[in-house]
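K.L.:
Here's a structure for you.
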Amino acid sequence: MLKLRRTLALGAGVGALLVVAAIALATPPSGQQVSPALVGTLRDTQRIKTDHIKFRTKTPVEISTFTITLAPGGYTGWHTHPGVLFATVQSGAVVRQVGCQSRTYTTGEAFVEHGDQPTGQVQNASTLEPAVFAVTHIAPPGAPRRQDSDPPSC
């Protein structure tokens, strides 16, 4: 009986360490302020093809619009998004990392994120000024806006 208790205690200890290690790997945001989201549901399916742009939904989707401000040196933390997200830099510059590749976006430039991409992160390129970007996120109703994830091993 004593051996069984020790084995159970050891198993519980190892399990707790694994949970702590998994939590430590995820990178939460730092210096990120998100405005309240304006959310609308597009209930009718859409099939639009105009001006060399295609947009199609097969089921209802939620469209969320919000603004993210990153303090000097701030970052979003590593994460993924369900659906499709469009971001436009309103002021400052941000460095967007997807997997092991990065690119800088400045005021007036935009980028797209989607659920089939590897984990990503956006960081303020400045340590002196904030960076602001507007976001429109299209996702299945009730889906989380983001899912924290571990950084890539580059």
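K.L.:
Whether any residue in the stretch 103-123 is in contact (Cβ under 8 Å) with a residue 40 or more places away in the chain, farther than 21 Å from Ala37 by Cβ and not in a loop (DSSP other than H, G, I, E, B) is what I want to check.
P.N.:
Looking for residues that are in contact (Cβ under 8 Å) with a residue 40 or more places away in the chain, farther than 21 Å from Ala37 by Cβ and not in a loop (DSSP other than H, G, I, E, B), one finds at least one in the stretch 103-123, hence yes.
K.L.:
Regarding Ala125, is this residue within 23 Å of Ser149 (Cα to Cα) and either of a type in the set (Gly, Ala, Ser) or touching a helix residue (DSSP H, G or I) at 6+ places or on another chain (Cβ under 7 Å) (or both)?
P.N.:
yes
K.L.:
Just give me the residues in the stretch 91-118 being of a type in the set (Val, Ile, Thr) and either out of contact with any strand residue (DSSP E or B) (no Cβ under 6 Å at 6 or more places or on another chain) or surrounded by fewer than 13 Cβ atoms within 10 Å (Cβ to Cβ) (or both), in sequence order.
P.N.:
Those that are of a type in the set (Val, Ile, Thr) and either out of contact with any strand residue (DSSP E or B) (no Cβ under 6 Å at 6 or more places or on another chain) or surrounded by fewer than 13 Cβ atoms within 10 Å (Cβ to Cβ) (or both): Thr104, Thr106, Val112.
K.L.:
Among the residues of the stretch 40-58, what is the count of those that are in a loop (DSSP other than H, G, I, E, B) and hydroxyl-bearing (Ser, Thr, Tyr)?
P.N.:
Qualifying residue count, the stretch 40-58: 2.
K.L.:
Kindly establish whether His114 is under 17 Å from the mean Cα position of the chain (by Cα) and more than 27 Å from Cys154 (Cα to Cα).
P.N.:
So His114 does not fit the description; no.
K.L.:
Looking at (1) at pLDDT below 95; (2) within 14 Å of the chain's Cα centre (by Cα), which is the one condition that is false for Thr67?
P.N.:
Result: Thr67 passes all but (1).
K.L.:
Residues of the stretch 124-148 being under 21 Å from Ala93 (Cβ atoms) and in a strand (DSSP E or B), which ones?
P.N.:
Asn124, Ala131, Val132, Phe133, Ala134, Val135, Thr136
The values are calculated or read from the model by the stated rules, or taken from the named source; none is laboratory data. Here the structure is a predicted model, which is why all the values come from computation and not from measurement. Glycine also receives a Cβ, built like all others from the backbone with ideal geometry; neighbour counts cover every protein chain displayed.
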